[in-house]
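Below is one structure; the comments refer to it alone.
The values are calculated or read from the model by the stated rules, or taken from the named source; none is laboratory data. Predicted model only: the values in this text are computed from it and were never measured. Positions of Cβ are backbone-derived with ideal geometry, glycine not excepted, and every protein chain shown enters the neighbour counts.
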Amino acid sequence: MTLRSELATLAGRSSYWFLHNFMGGGSSLPGKITTAIDPDVLQEIGKNYEVIIVSGTNGKTLTTALVVQVLKEKYDNIVTNKTGSNMVQGITSTFLEAKRPTKGKKGIAVLEVDEANVKPIVEKIKPKMFVLTNIFRDQLDRYGEIYTTYQKILDGIKLAPDAVVLANGDEPIFHSKELPNPQVYYGFSNEPAKGDMKAAPNTDGILCPVCQHLLHYHYIVYANLGDYFCPNCGFQRPDLRFKVTDVSERTPKDSKFAIDGNQYEIGVGGTYNIYNALAAYAVGREVGIQPDQIRHAFDNNQRLFGRQEEINVEGKDVSIILVKNPVGTNQVIDLLATEPDSFSFVGLLNAEYADGIDTSWIWDGEFERLPAMDIKQFETGGKRYKDITFRLKVAGVPDDKHTIQPDLGQVIEDIKHMPTQKVYILATYTAMMEMRARLMKQGYIKGGK
Amino acid sequence: MTMNIRVAHLYGDLMNTYGDIGNILTLRFYAKQIGVEVTDQIVSLEDDFKADDFDFAVFGGGQDFEQMVVAKDLPNKKDEIIKFIEQNKPLIAVCGGYQMLGKYYVDASGRKLPGISAMNHYTEQQHEHRFIGNIEIQNEATGQKYHGFENHQGITFLGDDEHALGKVLKGYGNNGEDHTEGAVHKNTIGTYFHGPIMARNGNFSKQMMFEALENKYPDYDFTDLKAKVKPESY
């Protein structure tokens, strides 16, 4: 290590220590300090690790957490950015705060990386594996189109041609470009490959990348994910090495399914979380972890689901779920449809930079499904409460069951008096963070992240 | 008599990037208030478009790849789209749809592609810059203000036989220079207001809906029904 990197690392580590112990923070500032002293510091620290990068639009955080959980069956001291700081500085901080690997032995790091930050990170550290979840339309004001988002990831992958690309085979875009890298695909194979259907009208990424004909599907898992094929030129889903072979139970709190014939259970609902588990399984299998060890890892996953936790507010079971784009929203609505009890629904919409400043995407969410569910009360709030309120009106939510409350503090008061035991809050990023902070202040969420 | 509005969602499976379908959902919402039925149908690559089959059309915005594919197919539907427009039927074209109805447009990679010249505007490309953000305009005929969100790299200049949808009060509009936003020709509106322009602007929705109805049912007196619709704007 150069003297400059030495100094930079020292400054970064001590600022982390100070922030962590005295200020209760430290997720990206140490990275900023260190990078300012030596821009190449990540390269120096990263050399000591075998790195797995997880990227894509949805499911990065949970997939990363599950991969770590699975790898714990074989490795100690796995470095990971579990606070979700997934850009260059956050990742530099992650390495700085980590315990140094034993001399002469490489450590292992599993990093969630923002789509646009894959390239700058791979410029510094050469990963062993890329795990790709999906590319959906997301925050168009920040990233642009799905094809440009994927191109940003590819620009990073190209810098590490030896790394294995472990990608969602059900996502057509991941099969659209030639890569020198070894490629492995995972996906759903729980239904017979017989049907012939098209994706729903609001779906992106449904043109054949070879001949530009509309893609058809033998079956669709959700959105544009599934067993796709082009009736015109024969382009089709690649062979899957790791497959979901059965889905036997889905509730908001539980999913039971089989991968490659082995039964698994995760304590969280949503088909998208089965994809996340499948990705983690695939990573585990690629590095030689056995199916029963993976089952053991999944059984210990209860504490991983920070974005979908249950909070007790004066006896109410409150779940806050992050929503940020149409596909994610539709998956959450699908999850609510598996709720056996009656519940109350709260929709909180903000349009700050971190939420995406364009709220048009809510019109592509299938809120029309809500009135048919056993929902006793609806409440809409947040800074853009007028947008989400009108969206629900148009979806057919009756006025007499619908209250409007822009003030998130008052939303918490209202929740205490809602007519059901269960309350689901769908919130965009900054609304979710503000709700969490308020709930923490009132003692409903224990400290820490 | 039960009245209805038949909506064509032009390339709705490929050109719906910015919640454009919100326009159709909003139309249905207001139509329901006066007992008018709204049906909608996607007209895409492999389908024929017949002007006589529809009373209202939405042509949304697309991503570059999809827009390129649609541009190749569009000549097949050109004559019927022009017929539809010239029959005074309302059409809302957003972003990419707006650009393709004009004379030509230059896409993000610099290619100059022909439009179908249903309207006389044309679209150039600005480099390394996009117009992104909230926008507010004033319609000079009605004095009404419309709110929306724009996110476009193309810059559009109006041609003969068309006038702007409004004067820009806040934001960029067609080209960031002449303070115009959108284009109007007969009852066809081209605009950079993302997707749900009708959702956020109730007065505009009401106007478009009654244009469709008056065009389809010329002998009916809509005075009472107009009084019944309560537009919401935000």
Looking only at the range A:95-141, which residues are in a helix (DSSP H, G or I), under 27 Å from A:K74 (Cβ atoms) and modelled with pLDDT of 90 or more?
A:V118, A:I121, A:V122
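Against the condition touching a residue at least 40 places away in the same chain (Cβ under 8 Å) and either within 18 Å of A:T338 (Cβ to Cβ) or buried (at least 16 other Cβ atoms within 10 Å of the Cβ) (or both), how does A:G284 come out, does it pass?
Numbers: touching a residue at least 40 places away in the same chain (Cβ under 8 Å): yes; either within 18 Å of A:T338 (Cβ to Cβ) or buried (at least 16 other Cβ atoms within 10 Å of the Cβ) (or both): yes.
In short, yes.
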Requiring at least 1 residues that are closer than 22 Å to B:A199 by Cβ, the helices (runs of 4 or more DSSP H) wholly within the range B:1-112 are B:21-33, B:96-101
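Filter the range A:28-57 for residues that are at pLDDT 90 or above, of a type outside the set (D, E) and on the phi < 0 side of the Ramachandran plot and give the result.
Residues of the range A:28-57 that are at pLDDT 90 or above, as a first pass: A:49-57.
After this cut, where a residue has to be of a type outside the set (D, E) as well, the list is A:49, A:51-57.
Result: A:Y49, A:V51, A:I52, A:I53, A:V54, A:S55, A:T57.
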Out of the range A:165-201, which residues are touching a Gly at 6+ places or on another chain (Cβ under 7 Å) and assigned to a loop (DSSP other than H, G, I, E, B)?
A:G169, A:D170, A:P201
Subset of the range A:371-395 (residues that are in contact with a His (Cβ under 9 Å, 6 or more places away or on another chain) and either in contact (Cβ under 8 Å) with a residue 12 or more places away in the chain or under 19 Å from A:H417 (Cβ atoms) (or both))
A:Q377, A:F378, A:E379, A:T380, A:T389, A:L392
Tell me the residue from B:Q67, B:Q87 that is within 14 Å of chain A (Cβ to nearest Cβ) and not charged (D, E, K, R), please.
B:Q67
Evaluation of B:N4 against (1) away from chain A (no Cβ under 14 Å); (2) within 18 Å of the chain's Cα centre (by Cα) (one fails), failing number
(2)
Before we move on, is A:T80 at pLDDT below 95 and among the polar types (S, T, N, Q)?
yes
Somewhere in the range A:253-260, is a residue in contact (Cβ under 8 Å) with a residue 40 or more places away in the chain and of a type in the set (D, E)?
no
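Give the residue, chosen from B:D48, B:D79, that is surrounded by fewer than 18 Cβ atoms within 10 Å (Cβ to Cβ), without any contact (Cβ under 8 Å) to a residue 12 or more places away in the chain and either under 18 Å from the mean Cα position of the chain (by Cα) or more than 9 Å from chain A (Cβ to nearest Cβ) (or both). Quick ask: steps written out before the conclusion?
Working: B:D48 fails: without any contact (Cβ under 8 Å) to a residue 12 or more places away in the chain.
Result of the check over B:D48, B:D79: B:D79.
Considering only the range B:150-189, give the strands (runs of 3 or more DSSP E) lying wholly within it that have at least 2 residues that are touching a strand residue (DSSP E or B) at 6+ places or on another chain (Cβ under 8 Å) and surrounded by fewer than 18 Cβ atoms within 10 Å (Cβ to Cβ).
On the way: elements: B:154-157, B:166-170, B:183-185.
Of the strands (runs of 3 or more DSSP E) lying wholly inside the range B:150-189, those with at least 2 residues that are touching a strand residue (DSSP E or B) at 6+ places or on another chain (Cβ under 8 Å) and surrounded by fewer than 18 Cβ atoms within 10 Å (Cβ to Cβ) span B:166-170.
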Of the residues A:F188, A:F229, which is under 24 Å from B:L45 (Cα atoms), buried (at least 16 other Cβ atoms within 10 Å of the Cβ) and of a type in the set (F, W, Y)?
A:F229
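From the list A:H216, A:H175, pick out the single residue that is in contact with a Lys or Arg (Cβ under 8 Å, 6 or more places away or on another chain), surrounded by fewer than 22 Cβ atoms within 10 Å (Cβ to Cβ) and within 14 Å of chain B (Cβ to nearest Cβ).
Checking each option against the conditions leaves just A:H216.
Results for (1) in contact with a helix residue (DSSP H, G or I) (Cβ under 7 Å, 6 or more places away or on another chain); (2) within 12 Å of chain B (Cβ to nearest Cβ); (3) of a type in the set (G, A, S), shown as yes or no for each residue.
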position: A:I311; (1), (2), (3): yes, no, no
position: A:E314; (1), (2), (3): yes, no, no
position: A:S344; (1), (2), (3): no, no, yes
position: A:D358; (1), (2), (3): yes, yes, no
position: A:F390; (1), (2), (3): yes, yes, no
